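Visitor: Encoded as structure tokens, here's the structure I'll be asking about.
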Amino acid sequence: MSKLFTPVKVGPHEFAHRVVLAPLTRMRAEGGAVPGPLMAQYYAQRSSPGALLIGEATIAAPNGNGYLGAPGLYDDSQIAGWRLVTDAVHAKGAKIFLQLYHAGRQSNSEVQPEGSQPVGPSAIPHGGVAYTKAGWVANTPNRALEIEEIAELVESFRRAAERGLEAGFDGVELHAANGYLFDQFLQDGSNKRTDIYGGSFENRARFLLEATRAVISVWGSDRVAVRMGPSGSFGDMSDSDPEGLFTYVATELGKLNLAYLHLIEPRVRGNLDDETRNPNPVASQLIRKFYSGTIIAAGGFKAASAEALITAGDADLVAFGRDFIANPDLPERLRRRLPLNPYDRETFFGGTDVGYVDYPFHEERAAA
Ligand SMILES: Cc1cc2nc3c(=O)[nH]c(=O)nc-3n(C[C@H](O)[C@H](O)[C@H](O)COP(=O)(O)O)c2cc1C
């Protein structure tokens with residue numbers, strides 16, 4: 001019998017199966033980083049009774065953007081737009097977690113308030129791209145955050161989480177993967193600080209743990225989650241001891257009684273397969289030894305590999321990204337072993353309804 005299609009409890013929530021919509025930046029927000037009806041339609045299409053969705057990376061502070069068209073919750077004016085999304089998801093009997101993030105150094109001045117310089121833990125040269133009116137452009141070199149600014153950012157995450165509650169979400173996931181600000185603090189290729197936020201594992205994990213506790217103060221621990229990418233290199237990231245670092249962070253997060261820990265397998269680099277990496281789900285296998293709570297795994301899974309991972313006990317749920325973009329009814333297709341629509345990378349980021357809400361459901365495809 002398929003374990004992927006057995007019920008599961010995540011914090012206070014009951015889900016009918018273990019196929020999760022991965023957080024997916026699609027850059028279709030309206031002016032002011034506000035979700036509109038198109039986004040509500042997209043999430044509604046991917047909702048079905050008893051399903052868990054994770055919303056796309058949502059900017060938690062005014063200087064946290066890296067992609068024009070990404071949505072925010074750094075301002076009260078962004079709450080009503082998200083209400084359209086959460087209402088549409090709930091009307092279909094599904095639940096949705098908010099993913100809060102800050103791009104940190106992965107940004108360009110063009111998408112910063114008044115053209116200011118992006119921020120990060122340390123000012124060191126790095127690669128990567130941001131999305132602006134001019135399209136994909138190189139990141140602007142960043143400045144290092146002052147220590148007082150870190151406390152302000154923790155408060156920004158707390159306030160954004162409060163807005164998420166008002167907007168009707170069912171929980172909050174902090175995005176500490178893919179080379180964004182939390183990840184930049186965690187990994188020592190990007191964190192050269194000499195204060196209490198740099199150096200030891202404890203110091204590098206401090207910002208993430210402070211922000212997690214701040215969000216817990218709003219939501220309670222069992223509706224708060226963290227996503228991390230052990231050994232992730234997207235965004236020009238590196239660490240001198242990734243195994244030591246990420247097992248430390250998992251152990252610390254394990255003390256907080258979170259809804260779940262979300263892990264990205266390093267065989268996927270951001271939104272691309274990385275053929276140079278171990279093809280097995282190594283992150284889940286490793287972290288499971290250090291974390292006994294609920295784990296969601298992501299990165300390159302198909303029905304059979306998701307099933308195998310859950311059966312082995314290395315994760316409890318599996319999130320799907322690219323296949324869910326192209327298959328709004330992915331859980332049903334996996335359950336019935338139906339063929340999948342291929343995805344179109346050209347329309348992943350930005351643009352219109354094309355490649356966003358026009359992927360056919362199975363019945364439509366069969367009838368076409
Ligand atoms: C278009 C696109 C946008 C993404 N945006 C996000 C994001 O906003 N937040 C995040 O944590 N991961 C993001 N990711 C990574 C996915 O959540 C997921 O980890 C990755 O696609 C690997 O899963 P897959 O092999 O099932 O596609 C994105 C991936 C893609 C393809």
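The values are calculated or read from the model by the stated rules, or taken from the named source; none is laboratory data. Since this is a predicted model, take the numbers as computed values, not measurements. Note: ideal-geometry Cβ built from the backbone for every residue, glycine included; neighbour counts use all protein chains shown.
Visitor: Considering only the stretch 105-115, I want to know if a residue exists there that is within 27 Å of ASN203 (Cβ to Cβ), at pLDDT 95 or above and in contact with a helix residue (DSSP H, G or I) (Cβ under 7 Å, 6 or more places away or on another chain).
Guide: Of all residues in the stretch 105-115, those within 27 Å of ASN203 (Cβ to Cβ) come to 105-107, 112.
Applying the additional criterion that residues be at pLDDT 95 or above yields 105-107, 112.
Retained after the next criterion (residues that are in contact with a helix residue (DSSP H, G or I) (Cβ under 7 Å, 6 or more places away or on another chain)): 105.
Scanning the stretch 105-115, I find at least one residue that is within 27 Å of ASN203 (Cβ to Cβ), at pLDDT 95 or above and in contact with a helix residue (DSSP H, G or I) (Cβ under 7 Å, 6 or more places away or on another chain), so the answer is yes.
Visitor: Look through PHE15, PHE5 and report the one residue that is in contact with a helix residue (DSSP H, G or I) (Cβ under 9 Å, 6 or more places away or on another chain) and surrounded by fewer than 23 Cβ atoms within 10 Å (Cβ to Cβ).
Guide: On the way: PHE15 fails: in contact with a helix residue (DSSP H, G or I) (Cβ under 9 Å, 6 or more places away or on another chain).
Step by step, each of PHE15, PHE5 is checked, and only PHE5 is in contact with a helix residue (DSSP H, G or I) (Cβ under 9 Å, 6 or more places away or on another chain) and surrounded by fewer than 23 Cβ atoms within 10 Å (Cβ to Cβ).
Visitor: Would you mention how many residues in the stretch 36-45 are within 17 Å of the chain's Cα centre (by Cα) and either within 17 Å of ASP170 (Cα to Cα) or part of a loop (DSSP other than H, G, I, E, B) (or both)?
Guide: Matching residues across the stretch 36-45 total 1.
Visitor: Aliphatic (A, V, I, L, M) and closer than 22 Å to GLU265 by Cα: which single residue out of LEU53, LEU84 fits that description?
Guide: Working: LEU84 fails: closer than 22 Å to GLU265 by Cα.
Being aliphatic (A, V, I, L, M) and closer than 22 Å to GLU265 by Cα holds for just one of LEU53, LEU84, which is LEU53.
Visitor: Of the conditions (1) away from the ligand (no atom under 14 Å from the Cβ); (2) of a type outside the set (Val, Ile, Thr); (3) under 25 Å from ALA176 (Cα atoms), PRO49 satisfies every one except a single condition; which number is it?
Guide: Unmet condition: (3).
Visitor: Looking at LEU340, LEU317, can you tell me which residue is among the aliphatic types (A, V, I, L, M), more than 10 Å from the ligand (Cβ to nearest atom), within 29 Å of PRO71 (Cβ to Cβ) and touching a residue at least 40 places away in the same chain (Cβ under 8 Å)?
Guide: On the way: LEU340 fails: touching a residue at least 40 places away in the same chain (Cβ under 8 Å).
Residue meeting the stated conditions: LEU317.
Visitor: Check the stretch 72-90 and report whether any residue there is free of Cβ contacts under 8 Å to residues at least 12 places away in the same chain, assigned to a loop (DSSP other than H, G, I, E, B) and surrounded by fewer than 24 Cβ atoms within 10 Å (Cβ to Cβ).
Guide: Scanning the stretch 72-90, I find no residue that is free of Cβ contacts under 8 Å to residues at least 12 places away in the same chain, assigned to a loop (DSSP other than H, G, I, E, B) and surrounded by fewer than 24 Cβ atoms within 10 Å (Cβ to Cβ), so the answer is no.
Visitor: A further question on this structure: Has the stretch 268-286 got any residue that is under 23 Å from PHE207 (Cα atoms), within 16 Å of the ligand (Cβ to nearest atom), part of a loop (DSSP other than H, G, I, E, B) and under 15 Å from the mean Cα position of the chain (by Cα)?
Guide: To start, the set of residues in the stretch 268-286 that are under 23 Å from PHE207 (Cα atoms) comprises 270, 283.
From what is left, the residues that are within 16 Å of the ligand (Cβ to nearest atom) are 270, 283.
If we keep only those that are part of a loop (DSSP other than H, G, I, E, B) too, we end up with 270.
Now restrict to residues that are under 15 Å from the mean Cα position of the chain (by Cα): 270.
Within the stretch 268-286, one or more residues are under 23 Å from PHE207 (Cα atoms), within 16 Å of the ligand (Cβ to nearest atom), part of a loop (DSSP other than H, G, I, E, B) and under 15 Å from the mean Cα position of the chain (by Cα).
Visitor: Have a look at ALA57, ALA103 and point out the one that is closer than 30 Å to HIS17 by Cβ, in contact (Cβ under 8 Å) with a residue 40 or more places away in the chain and either within 16 Å of the ligand (Cβ to nearest atom) or within 16 Å of the chain's Cα centre (by Cα) (or both). Full working, then the answer.
Guide: Numbers: ALA103 fails: closer than 30 Å to HIS17 by Cβ.
Answer to the selection: ALA57.
Visitor: Quick check on my filter: what residues within the stretch 120-129 are surrounded by 12 or more Cβ atoms within 10 Å (Cβ to Cβ) and either in contact with a strand residue (DSSP E or B) (Cβ under 6 Å, 6 or more places away or on another chain) or assigned to a loop (DSSP other than H, G, I, E, B) (or both)?
Guide: Let us first name the residues in the stretch 120-129 that are surrounded by 12 or more Cβ atoms within 10 Å (Cβ to Cβ), namely 120-124, 126, 128-129.
Listed by number, the residues that qualify are PRO121, SER122, ALA123, ILE124, HIS126, GLY128, VAL129.
Visitor: How many residues are in a loop (DSSP other than H, G, I, E, B), under 19 Å from the mean Cα position of the chain (by Cα) and not hydroxyl-bearing (Ser, Thr, Tyr) when one looks only at the stretch 333-360? If you could, list the steps in order and put the result at the bottom.
Guide: Step one: list which residues in the stretch 333-360 are in a loop (DSSP other than H, G, I, E, B), which gives 336-344, 348-360.
After this cut, where a residue has to be under 19 Å from the mean Cα position of the chain (by Cα) as well, the list is 348-350, 356.
The next check asks that each one be not hydroxyl-bearing (Ser, Thr, Tyr); those that pass are 348-350.
Number satisfying all stated conditions: 3.
Visitor: Which residues, counting only those in the stretch 320-332, are part of a helix (DSSP H, G or I) and either surrounded by fewer than 21 Cβ atoms within 10 Å (Cβ to Cβ) or within 13 Å of the ligand (Cβ to nearest atom) (or both)?
Guide: Pass one, the stretch 320-332, residues part of a helix (DSSP H, G or I): 322-326, 330-332.
The answer is ARG322, ASP323, PHE324, ILE325, ALA326, LEU330, GLU332.
Visitor: Across the stretch 1-44, what is the number of residues that are touching a residue at least 12 places away in the same chain (Cβ under 8 Å), among the hydrophobic types (A, V, I, L, M, F, W, C) and closer than 19 Å to ALA308 by Cβ?
Guide: So the count comes out to 6.
Visitor: Could you tell me how many of the residues in the stretch 6-27 are out of contact with any Pro (no Cβ under 8 Å at 6 or more places or on another chain) and assigned to a loop (DSSP other than H, G, I, E, B)? So that I can check it myself, show each step before the final result.
Guide: Step one: list which residues in the stretch 6-27 are out of contact with any Pro (no Cβ under 8 Å at 6 or more places or on another chain), which gives 6-13, 18, 20-27.
Keeping just the survivors that are assigned to a loop (DSSP other than H, G, I, E, B) gives 6-7, 11-12, 18, 22-27.
Result for the stretch 6-27: 11.
Visitor: For TYR180, are the conditions met, namely being of a type in the set (Phe, Trp, Tyr) and either at pLDDT below 95 or buried (at least 23 other Cβ atoms within 10 Å of the Cβ) (or both)?
Guide: Criteria met by TYR180.
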